[in-house]
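What follows draws every value from the coordinates through simple rules; no lab data is involved. This one's a predicted model, so the numbers in the text were calculated from it and none came from an experiment. Virtual Cβ from ideal backbone geometry, glycine too; neighbours counted across all protein chains shown.
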Amino acid sequence: MEKIRAAIIGTGGISALHTEGYRKLPDVEVAALCDIDLDKALAYADKYGVDRSHVYADFNEMLAKEKPDIASVTTWNAAHAPAAIAALNAGCHVICEKPMAMNAAEARAMQDAADQNGRVLQIGFVRRFGNDARVALDMIQSGEVGDIYYAQAHYLRRHGFPGGWFGDKAYSGGGPLIDLGVHVIDLTRYLMGNPKPVSAFGAAFRKLGSRPDIKRTKEVYTSTVKGRKFDFTVEDLTTAMIRFENGAILTVECSFDANIKSGSGDIQLLGTKAGLQVSPAVELYTNTNGYMSNIALTDPVPFDGDAFNREIAHFVDCAKAANAGRPFTCKAPGTDGIVIMQILDAIYESAATGHEAIIK
Ligand SMILES: NC(=O)c1ccc[n+]([C@@H]2O[C@H](COP(=O)([O-])OP(=O)(O)OC[C@H]3O[C@@H](n4cnc5c(N)ncnc54)[C@H](O)[C@@H]3O)[C@@H](O)[C@H]2O)c1
């Protein structure tokens with residue numbers, strides 16, 4: 001059996017989870033690697049047993065020489081659109097990490113390339129593949145929650161700037177909103193049934209910066225790229241209210257750094273029958289026989305690391321179905337990625353103008 005040949009574009013932190021996901025699938029091989037930091041890509045090749053002759057510093061050269069079947073785009077955000085479009089035009093099915101791009105215009109260009117080439121474009125909305133999302137969606141679809149009219153999502157860190165390019169707008173497109181908020185905005189909207197956003201009101205602050213004043217008590221992952229120096233030009237805290245066409249509202253708060261007691265990553269959906277907490281654990285807030293009651297699962301389902309493997313396996317299944325001309329539904333399609341970028345664009349626009357931004 002000929003294996004599906006996967007390429008990795010950007011051999012940094014998250015790419016390891018893509019590579020490990022591919023390596024779990026018997027009919028896929030990680031065949032080629034690319035990073036502008038060639039030494040980093042070579043060390044990665046040695047770690048994962050990829051022959052050094054398949055390692056490149058330029059994705060165009062890699063795509064032309066290796067002709068991979070599928071590609072993971074795991075670069076910093078500014079390279080998502082150019083790398084994904086090049087890979088799609090080279091005939092690859094593509095999974096691109098979140099955020100889909102720097103803005104909605106880039107995201108649309110990526111989807112156009114996927115459509116023109118008849119290729120799959122999946123976005124790395126890994127939270128859709130968590131066990132918590134599966135159970136929450138089951139609760140919602142079975143009618144336990146009723147109509148969802150309000151949702152709250154937080155991804156707050158007290159001290160969690162990832163370092164390097166994550167703070168440099170030219171490479172990241174923004175701060176905690178585009179890096180962290182994107183996860184919870186997407187998951188919440190997905191659980192709400194993917195309603196169409198119509199406007200957003202937001203505020204963004206840069207008060208604490210990259211916090212060089214804080215001494216680390218333990219080692220944390222920091223993104224580094226040889227020969228590059230990055231500035232801190234993004235926000236460190238964002239808050240926003242997103243309005244959907246069906247009248248529902250989502251409020252979101254996210255931070256790299258904030259003077260709060262501790263970070264949090266909670267999501268709550270308020271329905272007419274019950275409230276549903278998704279994160280940190282699935283719980284229902286309802287009433288039983290007329291008494292207020294809280295229902296927790298005896299077997300809790302927090303977000304689990306295996307979600308990355310499910311995400312990669314799903315992408316490969318979609319690629320196979322597309323190749324065979326079989327119908328398939330991608331669980332995290334580029335079309336949803338575009339909508340999320342529209343929401344992020346609107347929040348940043350509103351933060352800049354001080355007024356609500358309309359999403360068309
Ligand atoms: N799904 C998740 O939970 C999750 C978690 C972390 C990061 N991410 C996303 O993954 C992406 C990468 O993040 P990371 O933490 O791995 O960053 P990283 O800095 O560790 O790795 C990014 C790599 O991309 C390389 N790169 C940049 N431009 C390139 C180009 N044109 N061609 C080839 N390589 C290029 C850099 O040299 C670097 O090695 C980001 O978009 C980030 O938002 C997703």
Inset, instruction - Put one equal scatterer on each alpha carbon of the stretch 52-91, apply the Debye formula with no solvent term, and list log10 I(q)/I(0) at q = 0.15, 0.30 1/Å to two decimals. - result: -0.31, -1.16
Inset, instruction - Kindly state, to the nearest 0.05, the FRET efficiency for residue 89 paired with residue 206, given R0 = 41 Å and r defined as their beta-carbon distance. - result: 0.65
Inset, instruction - Would you list, by chain and number, the aspartates and glutamates whose Cα falls below 12 Å from the Cα of residue 3, excluding same-chain residues fewer than 8 positions away? - result: 27, 29, 69
Legend entry - Interchain or long-range residues, amide H under 5 Å from residue 28's placed H: 4
Legend entry - DSSP-defined antiparallel bridges as percent of all bridges, the stretch 1-155, nearest 5: 0
Inset, instruction - Would you pull out the residues with amide H under 5 Å of residue 56's amide H, same chain only if 5 or more places away, H placed 1.01 Å from N? - result: 33, 34, 35
Legend entry - Efficiency of FRET between residue 294 and residue 47 - r from beta-carbon atoms, R0 56 angstrom, step 0.05: 0.75
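Exactly which chymotrypsin sites (Phe, Trp or Tyr not before Pro) in the stretch 120-199 are in a DSSP loop and have at most 14 other Cβ atoms within 10 Å?
Of the chymotrypsin sites (Phe, Trp or Tyr not before Pro), not one in the loops of the stretch 120-199 has a Cβ with at most 14 other Cβ atoms within 10 Å.
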Inset, instruction - Work out how far the C-alpha atoms of the stretch 274-329 reach from end to end along every principal axis, then list the three figures in whole Å, largest first. - result: 54, 24, 14
Legend entry - Environment charge at residue 267 (Cβ cut-off 15 Å; Lys +1, Arg +1, Asp -1, Glu -1): -1
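Distance check, please: which entries in 98/360; 169/226; 65/98; 261/331; 229/331 exceed 25 angstrom between their Cα atoms? The partial results should precede the final answer.
On the way: 98/360 22 Å; 169/226 19 Å; 65/98 27 Å; 261/331 36 Å; 229/331 37 Å.
The answer is 65/98; 261/331; 229/331.
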Inset, instruction - Under 14 Å Cα to Cα from residue 24, which aspartates and glutamates show up? Leave out anything in the same chain fewer than 8 places away. - result: 306, 311, 317
Legend entry - D (Stokes-Einstein, µm²/s), Kirkwood Cα radius, the chain, 0.890 mPa s at 25 °C: 116
Inset, instruction - Would you work out which of 45, 82, 122 lies farthest towards the positive end of the dipole of the stretch 33-141? Charges go on Cβ: Lys and Arg +1, Asp and Glu -1. - result: 122
Inset, instruction - For the stretch 60-75 and the stretch 260-303, compute the distance between their C-alpha centroids and round to whole Å. - result: 43
Legend entry - Taking N as its residue count, the alpha carbon Rg of the stretch 155-237 over 2.2 N^0.38 Å: 1.26
Inset, instruction - Could you tell me what percent of the DSSP beta bridges with both partners in the chain are antiparallel, to the nearest 5? - result: 60
Inset, instruction - May I ask you to evaluate 6.51 cos²θ - 1.76 cosθ + 1.60, the Karplus curve with θ = phi - 60°, for each residue of the stretch 251-257 and list the ³J(HN,Hα) values in order in whole Hz, giving x for glycine and proline? - result: 9, 9, 9, 8, 8, 8, 9
Inset, instruction - Kindly provide the GluC sites (Glu not before Pro) of the stretch 193-252 that DSSP labels as loop, not H, G, I, E or B, and whose Cβ sees at most 16 other Cβ atoms within 10 Å. - result: 219, 245
Legend entry - Selection of trypsin sites (Lys or Arg not before Pro), the stretch 234-283, meeting DSSP coil and at most 10 other Cβ within 10 Å: 261
Legend entry - Helix-only CD estimate at 222 nm, as mean residue ellipticity for the chain, using -39500 (n - 2.57) per DSSP H run (n ≥ 4): -10000 deg cm²/dmol
Legend entry - Normalised alpha carbon radius of gyration of the stretch 39-182 [divisor 2.2 N^0.38 Å]: 1.25
Inset, instruction - With a Förster radius of 25 Å, plug the Cβ-Cβ distance of residue 329 and residue 196 into 1/(1 + (r/R0)^6) and report the FRET value to the nearest 0.05. - result: 0.85
Inset, instruction - State the dimensionless ratio Rg/Rh of the stretch 241-282 (Rg: radius of gyration of Cα atoms; Rh: Kirkwood radius). - result: 1.04
Legend entry - Extension reserve of the residue 116-residue 214 stretch, reckoned as 0.36 nm per residue once the Cα distance is removed: 30.4 nm
Inset, instruction - Would you work out which of 233, 176, 269 lies farthest towards the positive end of the dipole of the stretch 171-271, given +1 charges on the beta-carbon of Lys and Arg and -1 on that of Asp and Glu, about the Cα centre? - result: 233
Legend entry - In range of the label at residue 159: residues from the stretch 247-273 whose backbone nitrogen is under 13 Å from the point 7 Å along Cα→Cβ: 257-263
